[in-house]
């Protein structure tokens with residue numbers, strides 16, 4: 001069966017889906033961007049246009065790259081020509097299984113299914129998706145054109161030739177593929193990052209230190225431009241909560257549940273992170289970017 005990859009269909013027009021679409025387009029691939037919400041699709045396209053303006057100003061691309069990204073309203077038509085699906089829908093294994101099952105009925109047998117899940121395992125929904133031998137995780141990092149490392153993680157039933165094809169595809173779009181030898185929640189980088197973010201949430205949720213002081217500690221010692229709470233704002237607090245709450249319930253871990261509840265308090269106040277201009281910090285000029293923040297002179 002063919003493993004040639006030229007036509008890409010992105011499912012989910014959020015931050016990650018939009019960035020993956022743009023990365024593919026910047027490497028001369030035709031990309032369809034789909035979301036089941038028309039409003040989310042338009043918001044996602046506006047976000048992509050904003051990325052292009054910034055990247056054009058930096059000399060990384062031109063406005064013409066937008067011609068290779070097509071908003072998809074007819075899923076069946078787009079799926080019929082797709083060589084590779086990249087799925088970035090919310091972190092719910094049942095939902096992912098339903099999405100892939102629908103696509104399995106619409107896509108030709110050659111189409112490869114990839115999931116960009118952050119912490120779930122592809123084996124959780126591979127069978128539900130209908131073609132387990134052609135499904136694996138292809139997990140990107142933000143921003144895709146700078147943090148250009150991707151995890152390529154098959155599950156036990158993935159066809160090895162599909163792994164090879166996806167690894168080659170990742171290199172074609174300017175990414176550094178890390179092939180995972182066994183399923184691991186969080187892959188490689190996110191396993192390390194999740195330990196940091198979980199520790200930061202635990203400190204704040206337990207009242208040991210405030211959000212800003214946790215970030216000051218990390219930034220001051222590691223000399224980084226942001227701390228764990230700034231990172232979570234960039235990821236999106238809705239995503240952070242979904243992941244944390246899912247694993248808290250799955251493992252029955254009371255501390256993890258306390259961490260999820262802490263994030264939920266921000267979401268309940270409409271603070272979704274950087275994409276919504278308010279999260280742990282207020283954007284576009286968060287406190288951690290102000291002179292004197294680390295030293296505590298920002299008041």
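The values are calculated or read from the model by the stated rules, or taken from the named source; none is laboratory data. Bear in mind that the values here come from a model prediction, so they are computed numbers and not experimental data. Note: ideal-geometry Cβ built from the backbone for every residue, glycine included; neighbour counts use all protein chains shown.
What the table below lists for this structure:
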| item | result |
| --- | --- |
| Residue match in segment 9-18 (condition: within 21 Å of residue 131 (Cβ to Cβ) and over 21 Å from the mean Cα position of the chain (by Cα)) | no |
| Condition met for residue 219 (in the same structural domain as residue 279 (by TED's automatic domain parsing), buried (at least 18 other Cβ atoms within 10 Å of the Cβ) and more than 21 Å from the chain's Cα centre (by Cα)) | yes |
| Of residues in segment 23-36 being touching a residue at least 12 places away in the same chain (Cβ under 8 Å) and within 22 Å of residue 91 (Cβ to Cβ), the one nearest to the chain's Cα centre (by Cα) | 23 |
| Residue among 49, 60 that is more than 14 Å from residue 20 (Cβ to Cβ) and without any contact (Cβ under 8 Å) to a residue 24 or more places away in the chain | 49 |
| Wholly enclosed helices (runs of 4 or more DSSP H) of segment 205-288 bearing at least 1 residues over 21 Å from residue 190 (Cα atoms) and out of contact with any strand residue (DSSP E or B) (no Cβ under 8 Å at 6 or more places or on another chain) | 211-222, 254-268 |
| Tabulated pairs, segment 121-134, first more than 14 Å from residue 166 (Cβ to Cβ), second at pLDDT 95 or above and in a loop (DSSP other than H, G, I, E, B), C-beta under 7 angstrom, 6+ apart or interchain | 121/155; 121/183; 123/155; 123/156; 123/183; 126/155; 126/157; 132/157 |
